[in-house]
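Each value in this text was obtained by applying a stated rule to the coordinates, not by laboratory testing. Keep in mind it's a predicted model, so treat the numbers as computed, not measured. Backbone-built Cβ (ideal geometry, glycine too); neighbour counts: all protein chains shown.
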Amino acid sequence: MCNKCGWDRTLRSLGASLVLILLSSFAQPQAALSLQNQKANDYTIHVSVDEVVLRATAQTNKGVLVSGLGKDDFQVYEDGVLQQVRHFSHEDIPVTVGLVMDNSGSMQPKRDTVIAAAMAFARSSNPQDQMFVVNFNEKVALGLPVNRAFTDNVGELETALSRTPATGETALYDAVAVALEHLQRGNRDKKVLIVISDGGDNASKHNLAQIRAMAAHSDVILYTIGIFDEEDADRNPHVLKQLAKDTGGEAFLPKSLKSVPAICEQIARDIRNQYAIGYVPSNKKPDGTYRMIELKAQAAGYKHLIVRTRSGYYALPKTLPVAKNKADAVHK
């Protein structure tokens, strides 16, 4: 009987040890996963020169979106060298979208129309889009509550857009920096910012060169809407045009405030009708140089097609910090 009891105790001990080993082996991958998730939130951009993916919009010279083009209708040039297109698709995929809203004092009489325009965009978007709001005057604030990085709820977006009173100066560059960093927390393959502002920058810590570099590293598509007053000494439409051109988006400078909601709906259609074009660069060196991209399209039935995509990319190692310091933003 004693030998049997001893054998039973041995078996129980071995079983307990096995359970501990299994629990330990399970906990290690979970800890690694937690660490990976933490690192994913450190605003680090992963860039690989193994494949470059372009998000492109094709239009006629009258601005009409063109769908139905095929892989062979596009030609990609990197630094003037023709590249071989490896992957091609044309489908409406979910997007991570940031609405960057100017709430400086001069926006007060325009607020209702601008908020209505942003809501028109939200209602025209893919139901699976991840959306967030960055409000700014001389300060920058994330519009959603601290426990909500993104939302697909129209009501939450409207509340987020309405939280900041229109007062103060304009920190446009700082707001775009915060939005670019927050975009990296999204898990959608395509990332978009829509910036609505009525003036130039007069209160930022960042400058235009820094913002352009951050945008080039982030693979974002940036749409801008400039609502300018003729007497505004700070107005700078060139900045909005440059940011849009760099990233393959579009700049809108409407003459009438009434046209802004229709522009936001147009942007939503543009986003949902883009082509994805992937190629492996013939120059595979991750040497940190900026590679210029030119994308052309020719198709039967079209005399001239206008194609918008980002103007280039930096051939950097796979992990690259966006900036030395994160941009400052607060939740309200």
In nm, give the distance between the simple-model label positions of LYS245 and ASN283, each being 7 Å from the Cα along the Cα-to-Cβ direction.
2.1 nm
Residue separation times 0.36 nm, minus the C-alpha to C-alpha distance between ASN61 and ARG163: what's the value?
32.7 nm
Once fully extended, how much extra length lies between VAL154 and ASP112, figured as 0.36 nm per residue of separation less the alpha-carbon to alpha-carbon distance?
13.5 nm
Residues whose built amide H sits under 5 Å from the amide H of THR224, excluding neighbours closer than 5 in sequence, are VAL195, GLU250, ALA251, PHE252
On the formula 1/(1 + (r/R0)^6), with r taken between the Cβ atoms of ALA300 and ASN187 and R0 of 25 Å, the FRET efficiency rounded to 0.05 is 0.05
From the Cα gyration tensor of the range 155-197, with a ≥ b ≥ c the square roots of its eigenvalues, which class applies: rounded if a/c is under 1.5, or else prolate if a/b is larger than b/c, or else oblate?
oblate
Between ASN147 and ARG272, what is the label-to-label distance in nm when each label sits 7 Å out along the Cα-to-Cβ direction?
3.2 nm
Hey, what did the range 204-308 get for relative contact order, percent, Cα under 8 Å, at least 6 apart?
21 percent
